[in-house]
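Single-structure report; data block below.
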């Protein structure tokens, strides 16, 4: 089964559970939807994500992360395991945290599924925020336009995460939308936008949209790009 079809099951599961349910003990995809024809070791670890033992679920997620891009078929199942409230300090790393780390290790193949989660307005805002955070860490240029779209979302937390993600990706397409945010009255929003602009351009004009636009017009062909692109 294609990843986008599995993601539709993930989103349906989250929406059906309602915003009060921010995580799943196991992925909300039925086990019989695990794709056929995938490597046996990948399938074994995906099945481990359904264990009733939290430690086994965490171990399975960690093992999938260690497989790198070989674990691409597991991406929707790992996303279904994410728990936005699961990142408090403690001695034990939770299954949700392990799933997060696994997605980062798998890298860019996780980009489009994470974009789906971030863009779905019916998904819990904290889950959408976590998806934006992961997109920033993965630093795939394909996430830039969706992250720019999230700058005007109703969720303040998602907006802040999108600003930070764009700062990490350092793509010049974000410059003009970030300049617009300097007009905001919310200190956290306009301050984060100014810091992101400084990171992307190497310049610092503070909260002065006019100065930023003047500089951009004079240097629009010389904006720095992320060397990974």
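None of the figures in this text is laboratory data; all of them are computed from the coordinates on show. Because the structure is a prediction, the values reported are computed rather than measured. Using ideal geometry, Cβ is built from the backbone for each residue, glycine included, and neighbour counts are taken over all protein chains shown.
Per residue, the convex hull around the alpha carbon atoms of segment 120-229 comes to 86 Å³. Over all orientations, segment 30-135 has a Cα convex hull whose mean projected area works out to 6.6 square nanometres.
The stretch between residue 208 and residue 70 holds 45.0 nm of extra length on full extension. This uses 0.36 nm per residue minus the Cα-Cα distance. Report note on the peptides 124-136, 142-154, 165-177: ranked by the mean count of other C-beta atoms within 10 Å, highest first, their order is 124-136, 165-177, 142-154. Computed over all pairs of different Cα atoms, the Kirkwood value for the hydrodynamic radius of segment 161-220 is 11.1 Å. Geometric descriptor of segment 99-176, per residue, is 75 Å³ (volume of the convex hull of the Cα atoms).
Computed from the Cβ-Cβ distance with R0 of 45 Å, the FRET efficiency linking residue 187 to residue 25 stands at 0.70.
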